[in-house]
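Take a look at the structure set out below.
FYI, it's all coordinate maths here, none of it is from the lab. Please read these numbers as outputs of a predicted model, since none were measured by experiment. Neighbour counts are summed over all protein chains in view; Cβ atoms, including those assigned to glycine, are modelled from backbone coordinates with ideal geometry.
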Amino acid sequence: MVEKIKKKSQWREMWDRLKVNKMAMLGLGILVILILLAVFAEQIASYEDVAIKMDTSIRLQGPSKEHILGTDEFGRDMFARIVHGARVSLKVGIIAVGIAIIIGGTLGAVAGFYGGTLDNVIMRTMDVFLAIPSILLAIAIVSSLGSSMLNLMLAVGISSIPNYARIVRASVISVKDEEFVEAARAIGARDNRIILKHIIPNSIAPVIVQATLGVAGAILSTAGLSFIGLGIAQPQPEWGAMLSGGRAFLVQAPHVVAFPGIAIMITILSLNLLGDGLRDALDPRLRQ
């Protein structure tokens, strides 16, 4: 019971520090709006109208009452496609980071807890992956597996595994010799229970910060892969693919490129603001 109260007070303390950070709360507010748009995308605009219905008689029209963000090169409503694109980008970003956290976090926790030869083998393997730029690794994976949303999630997630492995390993090393871990060993707790119940919960703070920033990076990687034709296939709306399709009409209809670019920028900015705020809120040096 005492442990639960302590954990609750720590999270409450974190929230109290976070909510006084105006920029972090701005980022959180924007992110909530984007999530709501993604969740209710189908109610805002039918997917069939967004992805399938075309009307070349109104192609490349600028913003108007009927189409508040204009139309694309096929006469599809830009606002509706950006809203559905938010669903795709956030879904890929969150799941890709989830894959990286599960695999990388597990490897990092094992390496940090046991050390020795196992630690060297795992971390030298991670160093090999880190030697390859993450975007190039993602391109190689997608090129090998083929273009699809699942393969895109796997590619972006796998390319991010080394970052989380290193972060979790460092956190585990810093807490594995604490008194509460020694107490758990003294009462006969198994290693897997010590890792899951004691070490990981006390090492989660830097992972939360990195995950927030990692989602931003994953969305950017997704947009980049889609831009070069290795991401989400047409006609499914995705911001990077929309940029790629509209670049030929940059002079004639700049809104076709501008609005997807702004959507990416706002999303990345909101996640970075929130990530910076979480980093400050979870910094133990700021606790009183």
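Where in the chain are the helices, taken as whole DSSP H runs, whose Cα atoms extend 18 angstrom or more along the long axis and whose Kyte-Doolittle mean reaches at least 1.0? Working shown, then result.
Values: long enough: 2-19 (26 Å, -1.71); 22-39 (25 Å, 2.63); 78-114 (53 Å, 1.53); 116-130 (21 Å, 0.69); 149-175 (38 Å, 1.22); 204-227 (34 Å, 1.67); 255-282 (40 Å, 1.31).
TM-like helix candidates: 22-39, 78-114, 149-175, 204-227, 255-282.
Quick check: the distance between the Cα centres of region 174-242 and region 86-132, to the nearest angstrom?
The two parts, judged by their Cα centres, are 8 Å apart.
I'd like the per residue volume of the convex hull spanned by the Cα atoms of region 2-286, given in cubic angstrom.
On the way: hull volume 43.7 nm³, N = 285.
Hull volume over Cα atoms, normalised by residue count, gives 153 Å³.
How much length is gained on full extension from Val251 to Ile35, taking 0.36 nm per residue of separation minus their Cα-Cα distance? Walk me through the numbers before you get to the answer.
Working: separation 216, 0.36 × 216 = 77.76 nm, distance 3.18 nm.
Roughly 74.6 nm would be gained on extension.
Where Lys and Arg each count +1 and Asp and Glu each count -1, what net charge lies around Phe113 among other residues with Cβ under 14 Å from its Cβ?
On the way: positive: Arg169, Lys176, Arg185, Arg190, Arg193, Lys197; negative: Asp119, Asp177, Glu178, Glu182, Asp191.
Its environment carries a net charge of +1.
Given +1 on the Cβ of Lys and Arg, -1 on the Cβ of Asp and Glu, and no further charges, what dipole in debye does the chain carry about its Cα centre, rounded to the nearest 20? Intermediate values should be presented prior to the final figure.
On the way: 27 positive and 22 negative charges, 143 e Å.
The dipole magnitude comes to about 680 debye.
In the chain, what is the count of Lys pairs whose alpha carbons are under 23 Å apart, counting only pairs at least 8 residues apart or on separate chains?
Value for the chain: 14.
Let me check I have the definition right: for region 111-254, take the eigenvalues of the Cα gyration tensor, multiply each by 5, take square roots. What are those semi-axes in whole Å, largest first? It would help to have the intermediate numbers written out before the result.
On the way: eigenvalues 333, 48, 28 Å².
Ellipsoid half-lengths, sorted descending, are 41, 16, 12 Å.
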